[in-house]
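> Quick one: the structure is below, and I'll ask about it shortly.
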């Protein structure tokens with residue numbers, strides 16, 4: 001112990017050992033990711049207190065202040081704000097036109113839709129900030145997966161990887177590229193041009209795209225079955241649609257007007273029309289009894305609320321909106337009570353089950369009076385025993401029936417203590433608010449434009465956009481805070497603290513200097529290949545920006561000593577520092593897809609490490625035949 005403390009490098013060895021422990025624990029996943037993050041952070045802070053590391057001014061570089069500064073890191077705050085913005089886009093259904101193009105095109109197979117999104121992200125990431133592009137594409141990929149029955153975990157990681165690959169091709173494609181160019185200027189070289197590495201970057205991007213399209217989906221876990229079993233997406237409910245005189249469905253053939261719905265019967269002017277419905281067109285006043293999943297009914301409710309809800313039912317489940325219209329703008333101040341009320345009056349879908357001892361058995365839905373008793377509206381009923389072919393209100397309830405209901409959050413919550421009807425756990429889902437979609441789209445696109453053009457930093461633009469989305473009612477405070485992922489917060493904060501320790505203790509410099517002691521240090525191709533793989537390894541532990549700043553002067557010094565072109569070695573650092581595939585903390589977009597894709601830490605290692613080696617092999621060929629090393 002005495003010898004260890006006497007060694008002036010003991011801070012470095014401790015931080016390097018802690019880094020290895022962190023990688024091991026994250027890979028094993030024996031403990032939750034949050035627990036591991038807090039343990040690493042706590043160990044580093046305790047070590048810094050017991051064994052201070054003073055700088056030239058005598059300040060402890062491993063004090064709690066520098067180590068905890070990562071939680072206020074601008075990149076982390078930008079990611080969290082963009083998660084809030086993504087939640088607003090989903091809640092307002094603002095991407096419906098784009099989703100329709102990719103999802104509803106019958107001529108476009110699943111693989112072509114996914115490839116189209118990946119190419120879209122890859123192309124624009126060469127010129128725009130990667131993070132907003134991935135945020136934009138995540139809901140589209142989710143919609144494709146839901147419509148085609150493809151697990152989100154199969155392709156969601158591909159979005160992040162495509163954005164990173166596209167960022168390798170131009171100078172503005174990534175902040176890493178700009179940092180390398182800035183470091184070259186400080187050393188005394190001319191800055192890189194906008195397209196100086198476009199051709200080799202496109203070669204690497206093409207090799208990476210082939211991997212993420214042909215190989216990556218087969219390496220990813222299929223977690224769709226668990227998701228479906230929890231959400232019950234495939235259950236069908238019998239619902240009633242009333243065709244009003246102003247409906248745009250009038251005149252369309254029944255069999256093609258609503259392909260997502262299974263029409264059971266049509267009641268027309270006192271007559272019953274049974275299937276098949278070929279040749280029948282929809283008329284004003286028709287009452288259609290249909291079977292559909294809750295997702296299809298929710299979609300129908302968002303697009304055509306008048307089909308499922310009358311004006312009276314709208315007033316029942318949205319009392320606060322109508323009160324506001326009557327009150328005008330008498331009360332402009334919204335305090336905690338008003339915020340809580342807004343949360344309680346969020347409209348949600350929920351499933352209710354009729355238990356065997358319920359008093360409502362043998363009563364019709366109209367006789368029970370769910371609207372009068374609870375302030376909710378019944379949209380549909382699920383009964384597995386037999387097909388239901390009658391108007392919804394006249395159906396007599398039986399034990400085990402599951403009712404699909406719509407109401408406010410407060411109304412549904414008030415039914416928890418009921419013994420005659422049970423709210424199924426996990427069935428509640430908030431309804432989208434399509435009337436806010438134009439506002440959300442304008443705010444989102446303005447944020448992307450402001451960040452991509454440099455008018456605002458990505459952090460300022462993202463936080464401003466998130467605040468505007470809350471202020472305009474696209475989502476409330478509860479929905480915004482729920483969009484924040486504590487795993488991302490704790491993981492990034494602890495890893496940035498570890499990065500501070502590596503930089504301050506000299507551990508990062510030690511890694512960089514060790515590579516200069518290899519026996520083949522005089523061969524440019526071998527050294528470039530070794531430089532690439534070492535930087536690619538470090539960029540998944542440190543930040544890619546830190547690797548760019550650290551290795552650029554080392555790489556150019558190596559090139560000068562061997563008589564090689566320093567520009568080639570600087571570009572090598574750019575390509576390698578962008579290989580942030582093997583860790584969720586390697587790049588912001590990896591963190592963004594971690595939640596939607598239901599990924600674990602080792603999923604990124606399983607998918608990212610082979611991709612790093614694919615790009616390494618491609619780079620060696622580029623260095624040999626394109627650059628002539």
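Read-outs throughout are calculated quantities, based only on the coordinates presented, and are distinct from any laboratory measurement. The structure presented is a predicted model; accordingly, all values stated were derived computationally and were not measured. Every residue, glycine as well, gets a Cβ built from its backbone with ideal geometry; the counts of neighbours run over all protein chains shown.
> Would you mind ranking 11, 271 so that the residue whose beta carbon has the fewest other beta carbons within 10 Å leads the list?
271, 11
> Note the full-extension length gain between residue 510 and residue 42 as 0.36 nm times their separation in residues minus their Cα-Cα distance, in nm to one decimal.
Between residue 510 and residue 42, full extension yields 166.1 nm more.
> Please compute the modelled spin-label separation between residue 24 and residue 272, points set 7 Å along Cα→Cβ, answer in nm with one decimal.
7.2 nm
> Right, here's the next one. What FRET efficiency comes out for residue 68 versus residue 625 if R0 is 51 angstrom and r is the Cβ-Cβ distance? Round to the nearest 0.05.
Efficiency for this residue pair is about 0.60.
> Ratio to report: Rg/Rh of region 550-608, with Cα atoms as the point set and Rh obtained by the Kirkwood method; give two decimals.
1.21
> In what sequence do 619, 24 fall when counting other Cβ within 10 Å, fewest first?
Starting with the residue having the fewest Cβ neighbours, the order is 24, 619.
> Using a Förster distance of 25 Å, how high is the FRET efficiency between residue 372 and residue 418, based on the Cβ-Cβ distance and rounded to 0.05?
Taking R0 as 25 Å, the efficiency between residue 372 and residue 418 is 0.95.
> Fewest Cβ neighbours within 10 Å first, please rank 554, 541 accordingly.
Exposure proxy ranking, most exposed first: 554, 541.
> Set the Förster radius R0 to 51 Å, insert the Cβ-Cβ distance between residue 560 and residue 472 as r into 1/(1 + (r/R0)^6), and round the FRET efficiency to 0.05.
In this case the efficiency is close to 0.35.
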